Every structure is written in structure tokens, then in C-alpha cells.
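**Q** Below you will find the structure I want to go over with you.
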Number of protein chains: 4
Amino acid sequence: MAGSTFGSHFSITTWGESHGKAIGVVVDGCPAGLSLCESDIQSYLDRRKPGSSRYATQRQEDDEVQILSGVFEGRTTGTPISLLIFNTSQRSADYTQIASCYRPGHADYPYDEKYGFRDYRGGGRSSGRETIGRVAAGAIAAKILSELGIELCAYTKSIGPVSIDMARFEREAILETPTGMPDRKASLLAEEYLSSCMASQDSCGGVIECCITGVFAGIGEPVFDKLDARLAAAVMSIGAVKAVEIGDGTAVSAAKGSENNDAFFADQEGIHKKTNHSGGILGGLSDGSPIVIRAHVKPTPSIYQEQETVSRSHENCRIQIKGRHDPIIVPRAVVVVECMAALALLDLTLENMSARLDRIVSFYENLK
Amino acid sequence: MAGSTFGSHFSITTWGESHGKAIGVVVDGCPAGLSLCESDIQSYLDRRKPGSSRYATQRQEDDEVQILSGVFEGRTTGTPISLLIFNTSQRSADYTQIASCYRPGHADYPYDEKYGFRDYRGGGRSSGRETIGRVAAGAIAAKILSELGIELCAYTKSIGPVSIDMARFEREAILETPTGMPDRKASLLAEEYLSSCMASQDSCGGVIECCITGVFAGIGEPVFDKLDARLAAAVMSIGAVKAVEIGDGTAVSAAKGSENNDAFFADQEGIHKKTNHSGGILGGLSDGSPIVIRAHVKPTPSIYQEQETVSRSHENCRIQIKGRHDPIIVPRAVVVVECMAALALLDLTLENMSARLDRIVSFYENLK
Amino acid sequence: MAGSTFGSHFSITTWGESHGKAIGVVVDGCPAGLSLCESDIQSYLDRRKPGSSRYATQRQEDDEVQILSGVFEGRTTGTPISLLIFNTSQRSADYTQIASCYRPGHADYPYDEKYGFRDYRGGGRSSGRETIGRVAAGAIAAKILSELGIELCAYTKSIGPVSIDMARFEREAILETPTGMPDRKASLLAEEYLSSCMASQDSCGGVIECCITGVFAGIGEPVFDKLDARLAAAVMSIGAVKAVEIGDGTAVSAAKGSENNDAFFADQEGIHKKTNHSGGILGGLSDGSPIVIRAHVKPTPSIYQEQETVSRSHENCRIQIKGRHDPIIVPRAVVVVECMAALALLDLTLENMSARLDRIVSFYENLK
Amino acid sequence: MAGSTFGSHFSITTWGESHGKAIGVVVDGCPAGLSLCESDIQSYLDRRKPGSSRYATQRQEDDEVQILSGVFEGRTTGTPISLLIFNTSQRSADYTQIASCYRPGHADYPYDEKYGFRDYRGGGRSSGRETIGRVAAGAIAAKILSELGIELCAYTKSIGPVSIDMARFEREAILETPTGMPDRKASLLAEEYLSSCMASQDSCGGVIECCITGVFAGIGEPVFDKLDARLAAAVMSIGAVKAVEIGDGTAVSAAKGSENNDAFFADQEGIHKKTNHSGGILGGLSDGSPIVIRAHVKPTPSIYQEQETVSRSHENCRIQIKGRHDPIIVPRAVVVVECMAALALLDLTLENMSARLDRIVSFYENLK
């Protein structure tokens, strides 16, 4: 595979460049019978739109999705769902400098090495706009998971030095701040930090956490397609993510077994864990506790400061990147992390249906 | 896929349980013409053997590999290579307790939920012995990469609170300490820490770092099969790994763009970077700098302390795990991380051969 | 995979229904640097259009292709190529009867069983219009193969009882008859036969043969992905194809070994075969001779005669299919067979690049 | 994939050469809970053994299968099942001539072109012994299908000019003749024909038909992974098969629509077809009628007659093949066709479980 396809059961293929005519995704393997219309998807796309925040690119796109196939009379038919979003706000003039120079922190140089040339307009395929297809498909995956009682919730956990602890909050609170932090005080601090970064023509990074509740125990395949391995691939495949943690994550390396093990206990409702250091995954399989993933996002590589670099003709030079770009990627990437997690989880949930002979037999007996 | 296969070009399928008759791997897609014999593989397997260290399980296995197919007159034929290692040291008596109780931190409970029952002897498929197949296949991948000038080197970066900074060291130094730390002083400190853990019937975790040199720029596929995404999946699929970092990893979330961007410069030999915060990967493609990956490994969940848990029949109970088990997984997992990285990288390196039409045309013209 | 993707290196995903908004395909894995514009693809699509022939549906579609991504400054970039064709001539009124009744010979009944309902307009996803995506992608595959010196040529070998022998003819001759038979006399006879079928409100089938020249020896993978197995899957996946033959095909079952074996001989140019009973494939690998495939196509199931069938509510009933439909599928399917063969062959040709270590090493050494 | 893996849900990977140490298969994705022991598999392997028939190779192998993993206390665990059969009757001395000469009708020449050299002992990987892995895995697939009420039955339909019509016969009758023809008179005629072939140092081909009953309507994926496409690939991937037919097969090209369409009718038990020209598949999905596949098998290419060929060093020469070989492949290939059909069908049957949202929801609700 050339790598634009994700998932083997609920399988998505994204396409499109930042400044091409359009961008989109084909979803193959969506079960038939899901109620689906454009607004189900649009509400997810709107979460990654620049919006009116001053911390996001000034590029204004409607990013209006069209369903071109796979839905009939308001329900999915089981055949591929093609989703298309036209690009409407390309200002190619902004990007001519990139054609001849490699932007530090960007994929320009390795693209040229791999392909011999590249669509340099706005980053082409390596642009953050590529995630539109992921979000559009992820919205469908999340809707299916919701029918199974599984809910995903991603939020901004930190921006630069400002961090919040995981705690109870309303899901809606995430959308109420421009940072994606469901804590107004912390969000204001983060905004101050962002303003100082912008003042110094700089950018910054942050952390996104995604929690998933309602997952059945036993989802995941035990060796290479462990649930955590698939989630890690899903989240690390988002541009700018440089580290992925599950549960206690990096902290486990300093912990002791007696601290890190989660004790089991049983009550009438079933088996539970007293703690959740594992982040809901044991041996690559879901353990019934909430799944917790964290993505560490690097600072936007496009900054207004002048930087040292080289030209396509291998000459040392300096570059000052113009055009519009976000001082931070995190707030808009929150929904992308959530969607990639949904895609990975749904795929393994469907796969899990053929894990046991007795369940397969009774599945088909019910059809007779 | 049920998840025991990794890679699409150099594709491996592992099989086997801790206490079954044997354990093994089938490598499909190994190029023809590689000189290969058992000792090439054995030397890698020996690196994950318990050996004589007191920090490893007392289980003594020879883990002697046999090549059953795919090699003729000392060279690979291009057909599947079947590698088999008989299990010789099963003491099933040690494990009867696990049959009825779920060990905290282990996969016992979700396995039962997924499959309805499990091979409880020594963890069955979820045992660390499953990695034997990965290491055997990884030895072949590493040998091929070496022919292309690519070298991998993994080592123990930290154990509990004892950590070493990446610095120049001889590769051989890694094998000279029982911890896999190429720094004798640090290793002695780590051993002290390990001893104290053992004294308190506890276990501990650590960090493994893998560096890869000699990688061409442009390896990786730009969207879902990014080089970092594939490496993350590869490494996260190793049991006990709870976080994966590339380059600066988690530190990027607190950095500014001006700090995190690596400036390019050119000299007669080509294009280089002044720093390597990116860990050798930009936009999912290798950038020609050394690739740096870190895996955070949790403490061995099997500890001698009594723990709270539940039985298969959902009764609360206590468990005291007997038998032999390592107080730390890290030293033996070093070679596993190295092998998984080799497998992921080789796969994408082969895939990369069809990235450009001009190279495909000249490849086939050379055959005429 | 839910089955709308074909190929693992040059990988295509088709989408769209007969009467949806549009129909299309995403090509992932197209090598960078191929000169490509809409007209390269349009010329293939035009070959499957109804055109002005009286033996084809009266539905008039322009089937005008748009390239939405993956091409920059006239060349492919290595990223996904999204091709879109709007449906412009839907007359849904014609198809209301199908909503409640299962057409004999069509997929209506099993679709309902599989998905619970179906897009009944014009056959929905099971319509022949689904092949538009295959042809659009196949045009690109054929262009790449052509750069490697490989040419494909499919033609109508028989229609009902009228059959022509494989013989030397100009490729252009195929396009000069309304039947796709490169023999005017035979074509006229076939047209007479078709007219008689139409007069009796009936339809008929035929045979399409595809010859491929210029293939290197050794293409194909020796076990499940044999070149003939992949070609058979590719061609059998076209609706209405009920048999696939390679070389002598069904005749081999009555032949003797001494007749069926092709003797080898060598001259200055290399190794050749005196005959080509094998159809260019030995042991699943190309043998350097022309590859010969034949597809047997069933009569169009839509006929104007009244037929017995059942309704969705399981009542016996009769159906008389209205609307526009071809009395024969063969002439329009010729280019579909050619394109599916191109897709299967290109995929294995790219895969073959990693068959030998020495060639991999020299490939990468050339890049230094 | 390098092509030794078949199936994406019930996924098998075969390995081994004719004269290597052993031959085997790894089955990944077998559902947990299937009762399985060696004899379940052995009975299938015995059907492809040479046995005592004079129409089969004199090579005597026990082909005794060992289960090395994936089964615990008599039931499959859901983890990979590794099956191993040691090669015990290699007489390598017989095959030295093949090392330097290309046998007509065999894969020797394209293997050398592809890989640069080959394991020439007994055909190496291209030997019919490769099918042992398919049969061993197919035995498991057939057992699972049987639990779902699906039965497969393959038999010899023709040998050279001697052919039988499909008719009612006892399944056991297939095993009672040395030809695999469930008709004693026809079998005796076929044996006479075989004797005459042998007398003239020649070989012959034949036809194998496989019928599958009990298949639910709606199995298969509608585009590239049509049930017939997957079956065609499965059967065409068997060495020596040169044509595959579904239902009426090649006859459809001469039929009219009014003849070829199968009328539906309904009774209390459901929907049926009055005829079965479709061979149980419509639009790539099973239609509930028996599935009928035919494989046309070429004459054994190894014949005792002297043949013209070329040497590895490209010199024209003559070859007289010594050693033991079957005058016909068909009787031993019957079980191989049956097993490949089982593997293809099971894979799509498992895939079908995620076709409908309502069924997925109720599947998971039942687990709560």
C-alpha cells in the first residue's frame, strides 16, 4: 500500500492537496443501515476549522462536505462512501518561495528526495488540510461506535508550559475555549503564552489527550495489531505528533510493578480495576476501563522568524516564511486525534466479531 | 488480518505459545540472494536469552533456531523462510494457579473475554516468548539493511531512576553489562536499584532507545504509513511498551518552533541538519539524519508480592505469583526493539523502490 | 477489506452508484513523474461509452473525467490521484419497479440479503457504471506499463455463435467495428445475430480476449499471488464474467503433456518458446511470451421479455424490465478487461522490484 | 505481500519446498473454540497422498501433520495454528539434471529470471508439495464451514476425453475410485486412457468440479472481492490450473439472456431459483443456490519423452526427465480445489459479519 489507506474492515482512503481542486476520502466497509447525512460530518469538520480564533490561520475555508455515494434515502448502503470538500481559498501567490527552498521542520526536503519534485503550494499533500479526510471519515466511525455505546472525547491537555490535570469536566466545555482546554482559567493562561509566542514570531506545541469509554473488554489482536499499537500508529500518523502515550505512558519507566499493576475487583456488574495505570489496555486488548491516549504535538514549524536552510539546488540560504499559519496546531488537531482513535478502534471492534466460533455460529443461526 | 503478520513487503508471521511444542516465524518476501545461516539469527536470539544474569528469569532455554525452508546452498531463494525454535524448558506445574485467577497487569482477563478461554501456561501467546519470532525475523531484516549501509543500535537508556544521556559509545559496550547500558558506572547503579526492587519483591521499568544510521532521505509513505507511524506501531506492539517517542518526543510539546526546527545546511556531501530534534523524520519521511526512537517499558507485572484480583468465576481473591520471572524486562527487550525497528524500516525501504517512474523505468531497462 | 480496493502497490479504490451524484476512483501508489492529463484517461473512458451504436444502451453520458488531486504541472506527484465523473443522465423514473422486485440474473436479491436494502436505482453499485472507475485507473496503469515497453490489447473474440481466431490484426481495427471485433466480415455476422436477439427481446453473451506483449519473464509471485491467479481475480471481478482462461485454457484438460508443453529454444536475443500453449505464464510467473487471457461474458440479464421472479415481500410475481439496456455487454466490456489486466500486471511488476537482493542494493547505490 | 499468504480474516501462510526439511502452514485468524486434532487434518492430507494407485508418483511420504501451536486442551485458542509436515522421502539424486536445464511446462526458467537462481530439487517451491499447506489449512476451514451448515464436495469431472455429467452421487464414491470420479464405469474408462498415456510416455489433464451447499445468500463483497473473483483466484493459484468456470462458465458466451437467467420463486422456506446457471453467484454475491466451480487442469508437464529445451547457460539442448512423477495431477488435486474453495468462502463469510449495522449492534448487545 502506498499509505493513503487506513483500516482493513472500516477502511478509509484519503486524497487531496492543500491547493488542489478538492480534498476528500473514500470510506469502504461502512456497515449498511447507518443513518447519515452531511451535517453529521460537517459538525466534526467545523471543529477543525480555523474559525474566528486569533490563534489559527486566517485562511477562511467553508470546508463544506458533500456525500457523493454510499448513502441512499438517508442511510448507508454498505457500499463506498465518497466524501468531497472543494478547496475554495487557495492563494498560491503566498507560496512561491517554498518552491525553491526547504522549510525547516517541514517535509519539503524528504518529499523532493522521494518523488523528485513536489506540489509546493501550501505544503501540498503534507499540509494539515490532508486531515480533513480523516476527520470526515472519523465522524462516521464515531457515529457507529456511539451506536455500540462507545464514546470518544479528546481535549487539549497542555499548551507550552500550561497543563491541566485529567479531571471531570463536561464535554461541551472543550468547545467553549479557543484552546480546546475544558478549563477556562488554564485556557486563559495558555492564551497569554500563545500571545507571547506570536509576539516573538514564534510558535509552540502541546499535548492532546483522548479518553474512550464504553469499550468492551477483549478488543484488539494480541500480537502486531494490538489495540495500543494500532492507536499509536493512528495517532503518530498525524503530522507534528512526536510521541504517543497509553495510560501512564512515559511514567511507567520509573514506576515499580506494585505501583503500576491495577488490582482487579468484581461486583454484580462485572469485573473492574481499582486504578487505570494501564490506560484501558492489557496485552494489547482492551480491559474494559477507559482507554487513555496522549499525543505530543510539536510547535508549528512555520514561523515568521528568519531561518537558515538550503535551496533545491543545494545552496545555503535563509528563508522567512510568509503567508498565513497557525502559531499552534493543537486546538485544531484535537478532533483529528479523536477521529484517528475512532477509526483504529472501530476497525478492531469489527475484526473482533470473528474471534470466537460459538459467536459466529450463533450469528449465522440468527439469520436463518 | 488476525494480527500475527507484520509488514507488506518483507512480511513476517509469528506463531507459538510459551509452553507449546515450539515457537516460530515465517518470513515471506525476503529478497533472493542473501547469504543466510542459522548463526546469523542465533546471535540475535542469544541477545534476548536470560543468560546467566541474576536479573533475568531462571528459565533456561537454548532457543536454538532451525531454518526449515527458503534457503538453498547458503542463500535465500526468495521463497518463505520458516524458522522454528522448540520449547524445551516448560515447567507447567508452576502455572496452574493462573488458570483460575487473573494476574494484575497481565492479559489474562481480556484474553478470556475475547476468546472464551486461554492457554494459561506461562501466559500462552501473551508471553514474552512470542518475541522470539520477531527477533529471528528481525535478524534477517537487519542483515539486509546492513547490505544497504543501514545500521541499527538499541540500548538501555534508563532503568528506574538511573538514566544515561545519549553519547558516543561503542556498540559492543551494550553487551558488556547485564543491563544493556553501555556505561559501566550507570549500569552498576541500575543494578543496585534492581537489587533493591528484588529485595522488596517488586519489579521496575525503564527506557530503550534505538538509533538508526545510514537511512536514505525520503523513506516512508506520507499519510498513514509514515515512517514514524510504522515505527510506533512496531514498537508499541511489543508487550509492556506504554509510550513511544521519536526524536525529542514528549519534549516537543513544551518547545518553541524556533528551538524545535532543525536548520538545514549543504556541503559537498549533500544536505544535512545542524540539529536533530526531528529524530530523523520529517512529515513521515526519513530526512537523512539518524533516526531516534524511544520505548518506555512498564515494570514486569509478575511480582512476588501478594496482589488483589478476581477469579474466572468473578470472585474477589488474592494471588501470589510463583514461578520464575524477570524483575525487569528492559535488558532482554533491547534486541526486540531493535528488531521491530528493522522490520518496519526495511518494509518501507522496499516499498520506496516504486515511488518514482524514472527509477522504475531504469530498473527494468537494466534487466534487458 | 470491504472489497472496493484492488492492488497493493498500485492500489485503486472505486466508489459510486449508477444514479448517485458521481462515480470515481482514487489511485494510490502511482509513481511520481508520469506525464498525465485528463485526455489520457478520457480516451479509455470513451471506449466504454455507449456511443452511437444501436447495440448499446441509449443512455447518453459524457462521462467526462476530472483529475482532482495527485497531478502537478502535468506530472503525477506520487500522492493519490482522485478521478471524478459526474453522473449526468439519471432517469430514476425508469427504475421504480426494481425497488420491489428481484430481477433474474441480477444482484438485487443477494444485495438485499447482505445489506437489508439497496440503492435500486439502475442497479446502484452493481451497475456496469461501476467499471468507470476501473477504466479510469486502468488507463493510468496502461500508460505506465507502456513506458516499460508492455502493451495490452483486448478485443471481442466471439459474440454468440460468431467467433474469430486469434490472428494478426491492427489494433485500430478493434475500434472500427461496433462489436469490437477486428474483422469486418465477422463483425457483420455478429451484428446480424445481435439484431435477431433484439428482435426477440433477448440478449446474448460473448468472449473477450486480451493479449499482453513485452512482459519481462519472472513477473508474479509463486504461490497465491501467481500472475494468472491475480489476472483471474481481476477479470472475474467484472460483472457478468463467468469463466476465465489463460493460454489454451479449457482445452488443456483434453490435451496430452507432449502437446501442451512449450519447447524452449535460445537465440542471440535470449530464450523463447516454440509455441505458447501456456499463454505466457508458467508456475504463476510470466515466461516472456505474450500473455493471453479470455473472459466469457454472460448475456445481459436485463431483457424485455417478461420473466418469473419474486418480490421483496417474498411473493411470486412477473417482471418486465423497462428502461434502456444493452443487448450485449461485450463490446463495452473490452476496455474493462484490458484495464483490469493492466492493473493486475502493473501491481505485480512493481512488487517484483524487491525480488532480488543484488538489484535492491544496486538500486539504492545508484541513488547515492 | 510476497504472495504466500491467502485470506484476510482466516489468513494462511504456507512455506516449504519439495526437498527441504519440512513443509507447513500458519493459520492466523482461526476462531477460538473449534475442536481440533491432528486427525481432522490428516484425513484431508491423506486424500492428496499418492497412495497405492499406479497413476500417482511412487514417492512415498507419510505426510504426517503436527500441530505446533494454537490448540489447547483440544480446542483452538484464537491464536496462530502452526502445522508442520516433515519431508521424509527426498531422493535428491534424481533431480540433478534439472539444475542446469529448463523443463518445458515447468516454472524453472521464470524462477531463474525472477530470483537469479532456484532450489532445483524436485521443483523446490513450485512443486505440487506446496499444496500440502493449503490442504492442511483448508481442512480447518472446511470444519468451520461445516459448523455453519456449509459443505464442500469436489470430484474429478473429466480425464482426457472421459467426462461425467454432474448428477446425484454419494460423496464417499469419490474416494472409491483411483481417479476421483464418483462413477465406476467412467473411472474404468479413464484408467484405460491413463494407461495408454503412460504407455506412450505421456501425461494428460482433466477437469475438477467443486460444489458447495448450504451457503447463505449475500456472501461476497460487491466489487473486487466478489465471491467468484476470490474463488477464481484461489483455484487459479493452484499450479497447472489454466481455466476456472463458475456455473455455466464458458457456455454463457453462447447462451441467450432468456436461457441464462434463473427465474426466482418463493415458497414457505424462502426464495429459490428454478435453475442454477449462475452457479450460485449473482453480482459477486452468493444467491443461496449451490455454488459450482470447475478447474481445468493441464497435463503433468513432466513426461518421460525426450523434449527440446535450453540450458541455464542459454544453449539449446534436449532433456529426458527422470524420477517419479504422476501421469495426471487431477485425482490428487481434487482435495486441493476443495480446500482452496473452502478458504476463499470462509474468509468472505467472516467478512460478511460486519456488513450491517443492526447485526453488529445486536452482536455486541448480546455480549453485555
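The values are calculated or read from the model by the stated rules, or taken from the named source; none is laboratory data. Note that the structure is predicted; figures quoted are calculated from it, not measured. Here the Cβ is made from the backbone with ideal geometry for all residues, glycine too, and neighbour counts use every protein chain on show.
**Q** Is it true that B:Ser163 is farther than 29 Å from B:Ala2 by Cα, among the polar types (S, T, N, Q) and in contact with a strand residue (DSSP E or B) (Cβ under 6 Å, 6 or more places away or on another chain)?
**A** So B:Ser163 does not fit the description; no.
**Q** Also: If only one of D:Gly180, D:Gly239 is more than 8 Å from every other protein chain (Cβ to nearest Cβ), assigned to a loop (DSSP other than H, G, I, E, B) and closer than 22 Å to D:Pro301 by Cα, which one is it?
**A** Answer to the selection: D:Gly180.
**Q** Another question, then. Looking at (1) crowded, with 17+ Cβ neighbours inside 10 Å; (2) under 19 Å from the mean Cα position of the chain (by Cα), can you tell me which one D:Ile98 breaks?
**A** (2)
**Q** Let me ask something else. Scan the stretch C:205-218 and give yes if some residue there is of a type outside the set (Asp, Glu), part of a loop (DSSP other than H, G, I, E, B) and in contact with a Gly (Cβ under 6 Å, 6 or more places away or on another chain), otherwise no.
**A** Yes, that holds for at least one residue.
**Q** Moving to a separate point now. Scan the stretch A:180-192 and give yes if some residue there is surrounded by fewer than 20 Cβ atoms within 10 Å (Cβ to Cβ) and in contact (Cβ under 8 Å) with a residue 40 or more places away in the chain, otherwise no.
**A** Yes - at least one qualifying residue is present in the stretch A:180-192.
**Q** Quick check on C:Arg91: is it at pLDDT 95 or above and more than 23 Å from the chain's Cα centre (by Cα)?
**A** So C:Arg91 does not fit the description; no.
**Q** Moving on to the next point. Given (1) more than 23 Å from the chain's Cα centre (by Cα); (2) more than 7 Å from chain D (Cβ to nearest Cβ); (3) among the acidic types (Asp, Glu); (4) closer than 30 Å to C:Gly128 by Cα, identify the lone condition not met by C:Glu191.
**A** Checking C:Glu191 against (1) more than 23 Å from the chain's Cα centre (by Cα); (2) more than 7 Å from chain D (Cβ to nearest Cβ); (3) among the acidic types (Asp, Glu); (4) closer than 30 Å to C:Gly128 by Cα, the one that fails is (1).
**Q** Let me ask another. For the condition buried (at least 24 other Cβ atoms within 10 Å of the Cβ), facing chain D (nearest Cβ under 9 Å) and among the hydrophobic types (A, V, I, L, M, F, W, C), what is the one hit in C:Val330, C:Val310, C:Val335?
**A** Exactly one residue qualifies, and that residue is C:Val330.
**Q** A further question on this structure: Which of (1) more than 7 Å from chain B (Cβ to nearest Cβ); (2) crowded, with 20+ Cβ neighbours inside 10 Å; (3) closer than 30 Å to B:Gln305 by Cβ is the odd one out, the single condition A:Asp228 does not satisfy?
**A** (1)
**Q** List the number of the failed condition for C:Ser89; all other conditions in (1) of a type outside the set (Asp, Glu); (2) within 30 Å of B:Val223 (Cβ to Cβ); (3) surrounded by fewer than 20 Cβ atoms within 10 Å (Cβ to Cβ) hold.
**A** So the condition that C:Ser89 fails would be (2).
**Q** Write out, first by first residue and then by second, each pair whose Cβ atoms fall under 6 Å of each other, whose residues are 6+ apart or on separate chains, and whose first residue, in the stretch B:64-86, is under 16 Å from D:Leu83 (Cα atoms) while the second is charged (D, E, K, R).
**A** The qualifying pairs are B:Ile67/B:Glu38; B:Leu68/D:Lys21; B:Ser69/D:Glu17; B:Pro80/B:Asp28; B:Ile85/B:Asp63.
**Q** Quick check on D:Ile219: is it aliphatic (A, V, I, L, M) and within 19 Å of the chain's Cα centre (by Cα)?
**A** Taking the combined requirement at face value, the residue does not satisfy it.
Conditions (1) β-branched (Val, Ile, Thr); (2) more than 26 Å from C:Asp326 (Cβ to Cβ); (3) more than 11 Å from every other protein chain (Cβ to nearest Cβ), marked per residue:
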{"position": "C:Arg121", "(1), (2), (3)": "no, no, no"}
{"position": "C:Ile132", "(1), (2), (3)": "yes, no, yes"}
{"position": "C:Ala142", "(1), (2), (3)": "no, no, yes"}
{"position": "C:Ile150", "(1), (2), (3)": "yes, yes, no"}
{"position": "C:Pro161", "(1), (2), (3)": "no, no, no"}
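**Q** Among the residues of the stretch C:106-128, what is the count of those that are charged (D, E, K, R), surrounded by fewer than 24 Cβ atoms within 10 Å (Cβ to Cβ) and in contact (Cβ under 8 Å) with a residue 12 or more places away in the chain?
**A** Number of matching residues: 2.
**Q** D:Ala233 - would you say it is free of Cβ contacts under 8 Å to residues at least 60 places away in the same chain, within 27 Å of C:Asn260 (Cα to Cα) and among the hydrophobic types (A, V, I, L, M, F, W, C)?
**A** The answer is no for D:Ala233.
**Q** Based on this model, can you work out whether C:Ala266 counts as of a type outside the set (S, T, N, Q) and surrounded by 21 or more Cβ atoms within 10 Å (Cβ to Cβ)?
**A** Considered against the rule, which asks whether it is of a type outside the set (S, T, N, Q) and surrounded by 21 or more Cβ atoms within 10 Å (Cβ to Cβ), C:Ala266 comes out as no.
**Q** Another question, if that's okay. Could you identify the single residue in B:Gly280, B:Gly288 that is on the phi > 0 side of the Ramachandran plot, more than 8 Å from chain A (Cβ to nearest Cβ) and touching a residue at least 60 places away in the same chain (Cβ under 8 Å)?
**A** B:Gly280
**Q** Identify, please: which residue in the stretch B:199-217 is out of contact with any Cys (no Cβ under 6 Å at 6 or more places or on another chain) and more than 11 Å from chain A (Cβ to nearest Cβ) and is, among those, surrounded by the fewest Cβ atoms within 10 Å (Cβ to Cβ)?
**A** B:Ala199
**Q** Under 9 Å between Cβ atoms, at least 6 apart or on separate chains: pull out the pairs that start in the stretch A:209-228 with a residue that is without any contact (Cβ under 8 Å) to a residue 12 or more places away in the chain and end on any residue that is surrounded by fewer than 23 Cβ atoms within 10 Å (Cβ to Cβ).
**A** Every condition considered, the pairs that remain are A:Phe224/B:Met1.
**Q** Which ones in the stretch C:113-168 are in a loop (DSSP other than H, G, I, E, B) and not small (Gly, Ala, Ser)?
**A** Answer for the stretch C:113-168, where residues must be in a loop (DSSP other than H, G, I, E, B) and not small (Gly, Ala, Ser): C:Phe117, C:Arg118, C:Asp119, C:Tyr120, C:Leu148, C:Ile150, C:Pro161, C:Ile164, C:Asp165, C:Met166, C:Arg168.
**Q** Does A:Arg103 meet the test of being crowded, with 24+ Cβ neighbours inside 10 Å, within 14 Å of chain B (Cβ to nearest Cβ), in contact (Cβ under 8 Å) with a residue 40 or more places away in the chain and among the charged types (D, E, K, R)?
**A** So A:Arg103 fails the test.
**Q** Looking at the stretch B:190-212, is at least one residue hydroxyl-bearing (Ser, Thr, Tyr) and within 17 Å of A:Ala295 (Cα to Cα)?
**A** no
**Q** I'd like to verify a number: residues in the stretch D:230-262 that are within 14 Å of D:Leu348 (Cβ to Cβ) and touching a strand residue (DSSP E or B) at 6+ places or on another chain (Cβ under 9 Å), how many?
**A** Looking only at that region, the number is 4.
**Q** Any chance the stretch B:347-364 includes a residue that's within 30 Å of B:Val162 (Cβ to Cβ), over 20 Å from the mean Cα position of the chain (by Cα) and crowded, with 18+ Cβ neighbours inside 10 Å?
**A** Checked against the condition, which is being within 30 Å of B:Val162 (Cβ to Cβ), over 20 Å from the mean Cα position of the chain (by Cα) and crowded, with 18+ Cβ neighbours inside 10 Å, the stretch B:347-364 yields no hits at all.
**Q** Can you confirm whether the stretch D:71-91 contains a residue that is within 14 Å of chain C (Cβ to nearest Cβ), part of a loop (DSSP other than H, G, I, E, B), on the phi < 0 side of the Ramachandran plot and not acidic (Asp, Glu)?
**A** No.
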